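To start, the structure under review is shown below, and the notes come after it.
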Amino acid sequence: MDNQVFINKYGMIEIKVRGDQTVASVQAMGDEAIRLAVDLRRKKKPALILDNLLEMGDVPAEARKRVAELVKSSEYDRLAMLGSGAILKLGANLILQATGRGKYVKYFDNRTQAIAWLKGLQL
């Protein structure tokens, strides 16, 4: 797994999820994203997260549950999940609906649209 969590060129947190995941790998990415979100907010900037799932492999049920728990947190202002394929879209939307943060989280299959939606908070 070569997961990455970093501030991208748009000033938002990008999580690149690569390969098969575990509860521990999901937690590690979540911890780093929250750390970066706290830093952004401390600088009076919005904590926007682009969760890039384009290279994601298998994610067991327990790890998906942990994703939902992390998405429920209020440590960020907006979160966009970026993926491809009907199965991933369905799974991501089920997770997003279960979190109760519907207006703050959204699934996209287009990177440009995801970034535009995230940046809309800054207008």
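Scan the stretch 15-35 and give yes if some residue there is surrounded by fewer than 14 Cβ atoms within 10 Å (Cβ to Cβ), within 15 Å of Asp109 (Cα to Cα) and either among the basic types (Lys, Arg) or in contact (Cβ under 8 Å) with a residue 12 or more places away in the chain (or both), otherwise no. No, the stretch 15-35 contains no residue that is surrounded by fewer than 14 Cβ atoms within 10 Å (Cβ to Cβ), within 15 Å of Asp109 (Cα to Cα) and either among the basic types (Lys, Arg) or in contact (Cβ under 8 Å) with a residue 12 or more places away in the chain (or both).
Just checking, does the stretch 64-81 include any residue being part of a strand (DSSP E or B), within 16 Å of Thr22 (Cβ to Cβ) and either polar (S, T, N, Q) or out of contact with any His (no Cβ under 9 Å at 6 or more places or on another chain) (or both)? Within the stretch 64-81, not a single residue is part of a strand (DSSP E or B), within 16 Å of Thr22 (Cβ to Cβ) and either polar (S, T, N, Q) or out of contact with any His (no Cβ under 9 Å at 6 or more places or on another chain) (or both). Taken over the stretch 1-56, the criterion of being of a type in the set (Gly, Ala, Ser) and either in contact with a Leu (Cβ under 9 Å, 6 or more places away or on another chain) or not in a strand (DSSP E or B) (or both) is satisfied by Gly11, Ala24, Ser25, Ala28, Gly30, Ala33, Ala37, Ala47. Pairs are defined by a Cβ separation below 8 Å, a sequence spacing of at least 6 or placement on different chains, a first member in the stretch 67-82 that is modelled with pLDDT of 90 or more, and a second member that is hydrophobic (A, V, I, L, M, F, W, C) and surrounded by fewer than 17 Cβ atoms within 10 Å (Cβ to Cβ); the pairs so defined are Asp77/Leu121; Arg78/Trp117; Arg78/Leu121; Ala80/Trp117; Leu82/Leu54. Residues that are under 21 Å from Trp117 (Cα atoms) and not acidic (Asp, Glu) within the stretch 45-66 comprise Lys45, Pro46, Ala47, Leu48, Ile49, Leu50, Asn52, Leu53, Leu54, listed in sequence order.
The values are calculated or read from the model by the stated rules, or taken from the named source; none is laboratory data. Owing to the predicted nature of the structure, the values given are computational and were not obtained by experimental measurement. Don't worry about glycine lacking a Cβ; one is built from the backbone with ideal geometry, like all the others, and counts go over all protein chains shown.
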